[in-house]
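A short reminder: the numbers here are calculations on the coordinates, not readings from a lab. Everything quoted here is computed from the prediction, not taken from an experiment. Reconstructed Cβ throughout: ideal geometry from the backbone, glycine too, with neighbour counts over all protein chains shown.
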Amino acid sequence: MAHISNQALSALCHRLSVALSAGVDTRTVLLGEAQRASGRLQPPLRAISDAVASGASLGEAIATTGDFFPLLFREIVLLGDETAHLPEVFERLSDHYQHQVQLRRQFLAAITWPMIQLVAAIFIVGGMIWILGVIGNQPYDILGLGLTGNRGLAIYIAFVSGIGMLVVGLIRAMTSESVWSGPLQKIVRRVPVVGTTLENVALARLTWALGLAMQGGMEVRRALRAGLRSARSVIYTEQIEGIVQRIRQGRTIHETLTESGVFPREVLDTVDVGEQSGRLPETLLRLSGQYQDRARDNMKMLAVIGGFLVWGLVALVIALIIINIVSGYASFLQDLTKP
């Protein structure tokens, strides 16, 4: 089943928060949402509306839609059902998913122009390979790699397509739960800037989910599971069973996270202070905001670096073409001077 986008989920949470805060009956709200929905959003919303109308709780109704909604969303809504704080829960969820949307938009906006230049350069080079290979009596190899005419263009397209598919495959593998996801994430985490960005994004999600779950009164082990899963990082998700087991043994959250050996000192100190003061949820939510700000700054830096890399690649291709043209012209002049 397809998944709901962060933009659609943020808007849905906002509408539900406003309506429920105004005292509108849940069944009426959901029925209106199902009637207004279109596209892939309509079937799950209609299923939720029908389930609630039949007597199910909102959390139970959402569970019937499978993986259409994120796991964290389902867990938090179920908690809001149990604590009767659904309006507040939906408001926080709306802010969270809207932040994810803004983060993605900022990154895409920063790399749009460099990517346009890259795509234009790819098409121009491909066009020149074909044109200079079919006009005239003597094909001209613009790159000096033996790529001319129809055959050269086919090889060029295959190479560029292969690189594109490889990049897309790596991104999908990193964001999935495949067997390659773990090793790839651990390798990418070692890359400067990229690794720091992924770490800050993961910790922002983790601390936000854990803080919100605990603030709503969710049982500690369940809250830790939800928080660690929401990080979407194998670095933390592979620690779930060990952390839950140590909690069962009576360890504090600070002791449990410390013994896992994967959390930065800042998180451990925040958890320690929060537990001692009895304000752990509030301190986690505050720390989440700090990680969100850092992730936003990292995204901007990553986009700038990506832009320079694209420009560098375009400049390299242009330099290669110029060098090849100059070399060919020099060879032509040398041939003219021969007796």
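A few comments on the model shown:
- Contour excess over end-to-end distance, with Cα ends at residue 268 and residue 311 and 0.36 nm allotted per residue: 11.4 nm
- On the principal axes of its alpha-carbon atoms, segment 6-97 has extents of 26, 25, 22 Å, going from largest to smallest.
- Overall Cα dimensions of segment 91-143, principal axis frame, Å, largest first: 70, 13, 11
- With a Förster radius of 41 Å applied to the beta-carbon distance between residue 300 and residue 60, the computed FRET efficiency rounds to 0.50.
- Net charge of Cβ neighbours under 14 Å - reference residue 22; Lys, Arg +1; Asp, Glu -1: -2
- Where the Cα pairs of the chain fall when distances are cut into 20 Å bins, in %: 24, 44, 22, 9, 1
- Stretch gain in nm, segment residue 186-residue 35, where the contour uses 0.36 nm per residue and the Cα spacing is subtracted: 49.9 nm
- The chain, relative contact order in percent, only Cα pairs under 8 angstrom and at least six apart counted: 17
- Highest-first packing order for the peptide set 64-72, 102-110, 76-84 is 76-84, 64-72, 102-110, based on the mean count of other beta carbon atoms within 10 Å.
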